[in-house]
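In what follows, a single structure is set out as structure tokens and then discussed.
No lab work stands behind these numbers, since they all come straight from the coordinates. Computed from a prediction, not measured in an experiment: that's the story for all the values here. Quick reminder, even Gly has a Cβ in these numbers, built from the backbone with ideal geometry, and neighbours come from all protein chains shown.
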Amino acid sequence: MHYLDWAATAPPYRDIIEAAVGVAADAYGNPSSAHRAGREARALLESSRERLAGSIGAAPSNVVLTSGGSEADSIALLSTLVGKGERSVVISELEHPAVYEQARALEGLGVRVIRVRPERDGLVSPERVAEALRPDTAVVAVMAVSNETGAIQPVGRIVEAVRSAAGGRRPFVHCDAVQALGTIGFDARALGVDGAAFSAHKLGGPRGVGALYLGRPLRPLALGGGQEAGVRPGTHNTAGAWAFAEAAARAASSVAQRMERARALERRLFDGLSAIPGATPLPECRRAGDERYSPYIACLSFPGLAGETMARLLDEAGVAVSTGSACSSSKKERRSLDAMGVDRELSFSSIRVSTGRDTVEADIDAFLEAAASAYSRFRV
């Protein structure tokens, strides 16, 4: 199989997963226990936290371990329910369901949600975000990299715009950085965000492990045993934290080298796409080498052939792609593309191609050959 769905999940590092089994068996103590087994587990947990912090530009004390990126996003947004008075939340229309659907749930609980539309190129304007602020805005959430188009959002400029517009107030600026860590890289302190979500399985670690960067305190809604400074209660996944830190360290150590390979594969993909009559990148302005987009993610449309049909035909040909976010692939609408003003026929006929550390030219060539064949045979 030619696997081109890395944005959904990355094949795990086999050696890390196998080693994590040994870690789970050896460091079996509860890190919250005071006896020797607990202290050993705690020491391993904290060393893992320290390594992970180094990969995201943070101090270990700013890293909260979670069950994944979705929970990390939820913690930041649900904090708006803690306290008195009316609250509002500002998010972009591009957000992953972990943020977008959580905001919708908050809306049902009386929180006002203000959604900012992106420009046609898929980028969110810092000025539009600033204009959307209200005196009661508690949280602003804009993702680092679009999981559908690969658009790299100007997070640092958005933070600056929010700070300037908010004056003496300081809304909590949160960033879903799941698609950034391990690909384009992410430095939480340099960008100035207050919160950021990460997930281990997107970069070769295990599923069910994630992290929340907290640059400033927030009041969590969930309560329990007080683990993770009370922000995320629950018994720690020590082996998972170790594996996450190991995978993140590997990814962070080779960002520049991998980016160069990814750009070369992106050029090959777009050059081949131009030879398929009718095939269109989304947004339509995107070209290979455009630094506004992650070279790891490309949204491609084959008008006249439904995206779901194309994905199924490619699967039959041994090529794995998706029709968008894996968390909402069963839904017919393409919310992000609609928000960008993409023509409905183009969005309906779109698929997502995403590459990773093991992708080679043969994978791209196999996709192009299979896509050209399917399109010529079944295009309406």
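Points to keep in mind about this one:
- Loop-resident GluC sites (Glu not before Pro) (DSSP state other than H, G, I, E or B) in the range 1-105 with no more than 13 further Cβ atoms inside 10 Å of their Cβ: GLU86.
- Over all pairs of different C-alpha atoms, the chain has a mean inverse distance whose reciprocal, the Kirkwood radius, equals 21.4 Å.
- Considering only THR323, LEU44, SER373, and ranking their Cα positions along the charge dipole of the chain that arises from unit charges at the beta-carbon of Lys, Arg, Asp and Glu, the one farthest toward the positive end is LEU44.
- For the chain: relative contact order, % (alpha-carbon pairs under 8 angstrom, 6 or more apart): 23 percent
- FRET E, pair SER61, GLU101, Förster distance 25 Å, beta-carbon r, rounded to 0.05: 0.25
- Span from the the range 213-253 Cα centroid across to the the range 91-142 one, whole angstrom: 25 Å
- Cβ crowding within 10 Å averaged over residues, with 337-343, 315-321 ranked highest first: 337-343, 315-321
- Estimated FRET transfer efficiency (ALA34, GLN257; beta-carbon r; R0 30 Å; 0.05): 0.10
- Sorted on the mean count of surrounding Cβ atoms within 10 Å across their residues, most packed first, peptides 350-361, 28-39 read 350-361, 28-39.
- Under a model in which nothing but the beta-carbon of Lys, Arg (+1) and Asp, Glu (-1) is charged, the range 14-252 shows a dipole of about 540 debye around its Cα centre.
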